[in-house]
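To start, the structure itself, in C-alpha cells.
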Amino acid sequence: AQSVTQLGSHVSVSEGALVLLRCNYSSSVPPYLFWYVQYPNQGLQLLLKYTSAATLVKGINGFEAEFKKSETSFHLTKPSAHMSDAAEYFCAVSVRGYQKVTFGTGTKLQVIP
Amino acid sequence: EAQVTQNPRYLITVTGKKLTVTCSQNMNHEYMSWYRQDPGLGLRQIYYSMNVEVTDKGDVPEGYKVSRKEKRNFPLILESPSPNQTSLYFCASSPERLGGYQPQHFGDGTRLSIL
C-alpha cells in the first residue's frame, strides 16, 4: 500500500521569503512522486515529478523538490515566494505497474505582501 | 488544445434525482479517473478506467457508476444522489494505461450540491 502525508494544511509566507511545503510518503516499492498545484476554480496542474532519475527535480514557476529516500520525503521549495504562488498544493504517490495514484490532503499557501 | 472537459461546471439538484457528469478528453489517453475533493480530505479516487470497457473501483465508489464505451468519454453517474455526495469532482486522464508513471491531466472540476 502507498500513502502520502502533507504536514500543515495552511502555510503562510511573506512575499520574497522561502517557500517550504512538506510531503512524506510511504511505499513498499520505489515510488513515483508528484507535486500538483490548484489555483482557485481550476483543476490540478503538474508542477514537477520524480520518477527515479535525478533526486533533485526542477519544475515550473521556479519550484523544485528533492527526493530523500532515507527520510521518505519529497518536500517542495521555492527560494522566493511571489503573490501568484498563492494556491493549494498536493503531493501524490504512485508505483510502477500499478494504476492507483494516492493524493495527500493538500496545503494551502498564502503569500503575504 | 489538449484538454479534459467536464460538464456541467456547477449543478444544484435534489436528493434522488439521477444526474450524469460528462468527461471527455482529446488526447487519446488510455487511463481515465474520477476523484472527489472535500476539505481536509484531499482527492479521493471514485472509479478509474484503464481502457474501453475496463473500469474498476477506487477508494470511494459507493453511490456512483461509470462507463467507458468510447476511449475519449468517461461519464460519472449518480443514480440516486444524496447530500453526502455534495462535493467538487474532477475527471483526469493519463497516457499510460496503468496510470502510475505519467502525470494526470485534470479537468476544471464540477461542483455538485445535493439538497
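In the condition set (1) on the phi < 0 side of the Ramachandran plot; (2) part of a loop (DSSP other than H, G, I, E, B); (3) without any contact (Cβ under 8 Å) to a residue 60 or more places away in the chain, residue B:27 is compliant with all but (3).
Restricting region B:58-115 to residues that are more than 14 Å from every other protein chain (Cβ to nearest Cβ) and of a type in the set (Lys, Arg) leaves a set whose member that is surrounded by the fewest Cβ atoms within 10 Å (Cβ to Cβ) is B:69. Scanning region A:85-99 for residues that are under 25 Å from residue A:41 (Cα atoms) and either part of a loop (DSSP other than H, G, I, E, B) or modelled with pLDDT of 95 or more (or both) returns A:85, A:86, A:87, A:88, A:89, A:90, A:91. Of all residues in region A:22-58, those that are more than 9 Å from chain B (Cβ to nearest Cβ), surrounded by fewer than 18 Cβ atoms within 10 Å (Cβ to Cβ) and under 26 Å from residue B:5 (Cβ atoms) total 2.
The values are calculated or read from the model by the stated rules, or taken from the named source; none is laboratory data. Just so we're clear, the structure is a prediction, and the values are computed from it rather than from any experiment. Cβ atoms come from the backbone with ideal geometry, glycine included; neighbour counts cover every protein chain shown.
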